[in-house]
Amino acid sequence: MKVYKFGGTSVGTPNRMKHVAELVTADKEKKVIVLSAISGTTNALVEIGELFQLGNINCSIDRLEKLRATYDPFIQSLFSETSSKERAFKIVNQYFDEMHRLIHQPFYKQILKIIIVNGELISTHLFQIYLNEQYHNCAALIPASEFMYLNDSEEPNMELISAKLDSLLKQNITYKLLITQGFICRNCSGGIDNLNRGGSDYSATIMGAALKAKEIQIWTDIDGMHNNDPRIVNNTMPISNLSFEEAGELAYFGAKILHPTCIIPAQQFDIPVRIKNTMKPMAPGTLITSDQNPETVKAIAAKDGITAIKIKSSRMILAYGFLRKVFEVFEQYQTPIDMITTSEIAVSITIDTPKFLNQIVQDLQEYGKVEVDRNQTIICIVGDMVGEQKGVSSDIFKALEDLPIRMISYGGSRNNISLLVKDNLKEKTLNALNKQLFNL
Ligand code: ADP
Ligand code: ASP
Ligand code: MG
């Protein structure tokens, strides 16, 4: 059994959806197929929810009807048979009518969560009808809301997911293809929820781990993980192999191709992850496994929206317990720390969730003078950089000759060197490193 996940662009037009159907029916192997919403739909649903929340009901309904209209030509061109078209229209209209009804109710937060998952509900339903029209009832639809449970730490409840998914697969034993939604889950109170934007990758790796799948394939619009962000840097190239650690660092530190935490379940259960290009299926893509491939620097990624906090205190000199007190403040406000650097009299820490920044700063002032720098970017250089290897740091410093660097973290792990720069220097830094480290 393999798990295949197709992103929004991969199912973004009727022709692409047809092409995905060809890909998943090319062999007879049993597959779980995880789909995202058709590209653009989730953004539209977020907008619809925001307008609703602001009390702008007419605009919200207007936007909803505009989105509904985009499905007409999609259905017309996807299906060949009138009966399939009728079924598809009926189902899509049911989803839109229900959202219409919700927007006429008094607002409460949970409605936003119910609205935003409709993209995946619609794409999977259309795909199942299409597969069954073209490939003789080969596909069953299994709702993610019936097995994708989170626990009270908002982590996947792997035991429950495994048991529920196993039982759903048994109920559908005769089907070769099991279609389900990415992104959608239930929280610990049983309410409909989601795995955050881009969360379909995470859905796929959770399912792969729960089923102990042979492989998890992430099909997207580019030929694998590239050595640098192709949205910002011109000359980038795909990487053929990455270890779980390397891929996990890249995903967490901003490589948008993978959801930030999606490598964790695959790594935990040692399930290979292959990234493939739906538009270029013959391209080798990237294979992510537990194998370490000693090769110095492999890739660079950037994570925006970082805040740096410096605590300066002469009380740090020769003191013990100082850092514990500082860390406890972040723990109290459940704010994860990304980077940390220290000197004898100061410690600098970065966070990506400034929700409790004011409270954190206030509490830290008890231990010293606190300075805050907003609008920072972490540049993360990833590879297998064993301590004895020479030259990596001098190459990095050469590339950064003309760039002011706020923090550097080196040696925390063999897989990661992180730098902190102002966010308006991100592009320049990524390009300079690309030239110096990859000769590109
Ligand atoms: P999907 O809709 O299939 O989930 P995403 O848009 O989430 O696709 O992710 C694919 C995109 O990620 C690519 O089109 C590319 O622009 C972007 N990206 C950012 N960093 C990288 C990287 N290091 N390698 C490849 N793609 C990257
Ligand atoms: N549709 C969701 C999003 O746009 C989930 C995903 O595509 O992975 O964020
Ligand atoms: Mg994505």
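We did not get these values from a lab; they are worked out from the coordinates using the rules stated. Bear in mind that the values here come from a model prediction, so they are computed numbers and not experimental data. So basically every Cβ, Gly included, is an ideal-geometry build from the backbone, and we count neighbours across all protein chains shown.
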If each of residue 152 and residue 390 carries a label point 7 Å out from its Cα toward its Cβ, how far apart are those two points in nm? 5.6
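How big is D for segment 180-237, in µm² s⁻¹ as a whole number, if Stokes-Einstein is applied with the Kirkwood radius of its Cα pairs at 37 °C and 0.692 mPa s?
So the translational diffusion coefficient is about 241 µm²/s.
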If the elastic network links every pair of Cα atoms under 10 Å, which of 57, 288, 300 fluctuates the most in the Gaussian network model of the chain? 57
On the principal axes of its Cα set, how long, how wide and how thick is segment 23-102? Give whole Å, largest value first. 51, 27, 18
Would you mind ranking 249, 81 so that the residue whose beta carbon has the fewest other beta carbons within 10 Å leads the list? 81, 249
May I ask what percent, to the nearest 5, of DSSP beta bridges between residues of the chain are antiparallel? 60
Dimensions of the chain along principal axes (Cα, Å, largest first)? 76, 51, 40
Share, in percent, of DSSP beta bridges within segment 69-198 that are antiparallel, nearest 5: 50
Alpha-carbon gyration tensor eigenvalues x 5, square-rooted, for segment 348-426, Å: 28, 15, 11
The chain, relative contact order in percent, only Cα pairs under 8 angstrom and at least six apart counted: 13
Starting from the Cα of residue 333, move 7 Å in the Cα-to-Cβ direction to define the label point; list residues of segment 247-290 whose amide nitrogen is under 11 Å from there. none
Determine, for 212, 422, 256, the number of other Cβ atoms within 10 Å of each Cβ, and report the residues in order from fewest to most. 212, 256, 422
According to the Cα gyration tensor, what semi-axes, each the square root of 5 times an eigenvalue, does the equivalent ellipsoid of segment 228-284 have, listed from largest to smallest in whole Å? 20, 15, 9
Just to check I understand the Karplus step: with θ = phi - 60° and J = 6.51 cos²θ - 1.76 cosθ + 1.60, what whole-Hz values come out for segment 206-220, glycine and proline as x? 5, 5, x, 5, 5, 9, 6, 5, 6, 7, 10, 10, 9, 9, 9
Quickly rank 118-129, 398-409 as a protection proxy: mean count of other C-beta atoms within 10 Å, highest first. 118-129, 398-409
Go ahead and run the numbers for FRET between residue 315 and residue 375, Cβ-Cβ distance against an R0 of 35 Å, rounding to 0.05. 0.75
Once the dipole of the chain is set up from charges on Cβ (+1 Lys and Arg, -1 Asp and Glu), the residue from the list 144, 306, 397 lying farthest towards its positive end is 144
Given 85/256; 276/390; 2/170; 113/214; 176/256, the pairs whose alpha carbons are separated by over 23 Å: 85/256; 276/390; 113/214; 176/256
May I ask for the distance between the Cα centers of segment 200-231 and segment 388-429, given as a whole number of Å? 27
Mind sorting 184, 396 by how few other Cβ atoms lie within 10 Å of their own Cβ, fewest first? 396, 184
Would any residue of segment 114-143 have its amide N under 18 Å from a label point 7 Å out along Cα→Cβ of residue 174? List them or say none. 129, 131-142
With the contact rule set at Cα under 8 Å and sequence spacing of 6 or more, what percent relative contact order holds for segment 1-76? 33
Over the chain, the sum of -39500 (n - 2.57) across DSSP H runs of at least four, divided by residue number and rounded to 500 deg cm²/dmol, gives at 222 nm -12500 deg cm²/dmol
Filtered hits (lysines, Cα-Cα < 18 Å from residue 369, offset >= 8 within chain) -> 310, 312, 325
So which lysines can residue 280 reach, going by Cα to Cα under 17 Å and dropping same-chain residues fewer than 8 places off? 5, 18
Listed by chain and number, the residues whose amide H is under 5 Å from that of residue 220, excluding neighbours fewer than 5 places away on the same chain and using placed H, are 276, 277, 278
